[in-house]
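Beneath this line is the structure, given in structure tokens, with notes to follow.
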Amino acid sequence: MSTISIIGSGGMAAAIGGLAAKAGLTVEVMSRDVAKARALSKQIGAGATTGTFGAAPAGDIVILAVPYSAVLDVVKQYGEELAGKLLVDITNPVAPDFTSFVTPENSFGAQEIAKAAPADAEVIKAFNTHFSHVLAAGPVEGHSLDVFIAGDDAQAKARISALIESLGLRPMDTGPLLMARTLEHACLLSLGLIAHSVKHTRFSIGVSLLG
């Protein structure tokens, strides 16, 4: 796990890439926009590299840090280059009305990604309940940030949990990939909190363990 690959060059790519670099990992950034990928690699520093979009990622763990509206096309374009990789889905397939989803009624985002990916790629849901600026800042005043994960392969979840811990965050296993549907609904919860009570995005959803 010395190298992780990130497909995308936005806020979440910067947040995860920055934490990974601080943890001593080598980060590879890949994006359709080569200039943005290079700029992010430079911003991350610590030996971060710029990969070729569509080519085989250098890391065995690949962070899909693109909007859901683009992620299925991205996965299909990479095709067999993602074979055997552990794909981390951080997306939220939220519709423009912010109260529903763009996925088929009987499905959810992570499942659609799994359908599009090579058969031997493993999809894990993670990081989708955090705002990029909150994630980038890391723990605040001793409060750890919880990263909820969902997936069907125990070994893959153990690897992602180890990655999350190395970033100074706390992994929280929610169960099989089917639970990714619930984690995607957590995005709607955050949007509801922003609109009706919290009124800002400087918060995270986590677990308080009592006793």
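Please verify whether residue 112 is acidic (Asp, Glu), touching a Ser or Thr at 6+ places or on another chain (Cβ under 7 Å) and surrounded by 19 or more Cβ atoms within 10 Å (Cβ to Cβ), treating the condition exactly as stated. Criteria met by residue 112. Given the criterion of a type in the set (A, V, I, L, M, F, W, C) and buried (at least 22 other Cβ atoms within 10 Å of the Cβ), identify the matching residue among 34, 29. Being of a type in the set (A, V, I, L, M, F, W, C) and buried (at least 22 other Cβ atoms within 10 Å of the Cβ) holds for just one of 34, 29, which is 29.
The requirement of being at pLDDT 95 or above and not β-branched (Val, Ile, Thr) is not satisfied by residue 143. Scanning the range 23-39 for residues that are more than 17 Å from residue 58 (Cα to Cα) and either of a type outside the set (Lys, Arg) or in contact (Cβ under 8 Å) with a residue 60 or more places away in the chain (or both) yields 23, 33, 35, 39. Residue 114 meets all of the listed conditions (1) small (Gly, Ala, Ser); (2) in contact (Cβ under 8 Å) with a residue 60 or more places away in the chain; (3) in a loop (DSSP other than H, G, I, E, B) but one, namely (3). When residues in the range 60-103 are screened for being of a type in the set (Asp, Glu) and buried (at least 21 other Cβ atoms within 10 Å of the Cβ), 1 of them pass. Within the range 135-151, the set of residues being surrounded by 16 or more Cβ atoms within 10 Å (Cβ to Cβ) and of a type in the set (Val, Ile, Thr) comprises 147, 149. Hey, among the residues in the range 117-169 that are in a helix (DSSP H, G or I), small (Gly, Ala, Ser) and touching a residue at least 24 places away in the same chain (Cβ under 8 Å), which one's nearest to residue 65 (Cα to Cα)? Taking the candidates together, the pick is 132. Taking the stated definitions as given, is residue 202 in contact (Cβ under 8 Å) with a residue 60 or more places away in the chain and loosely packed, with under 13 Cβ neighbours inside 10 Å? Here the answer is yes, as residue 202 does meet what is asked.
The values are calculated or read from the model by the stated rules, or taken from the named source; none is laboratory data. No experiment lies behind these values; they were computed from the predicted model shown. Cβ atoms come from the backbone with ideal geometry, glycine included; neighbour counts cover every protein chain shown.
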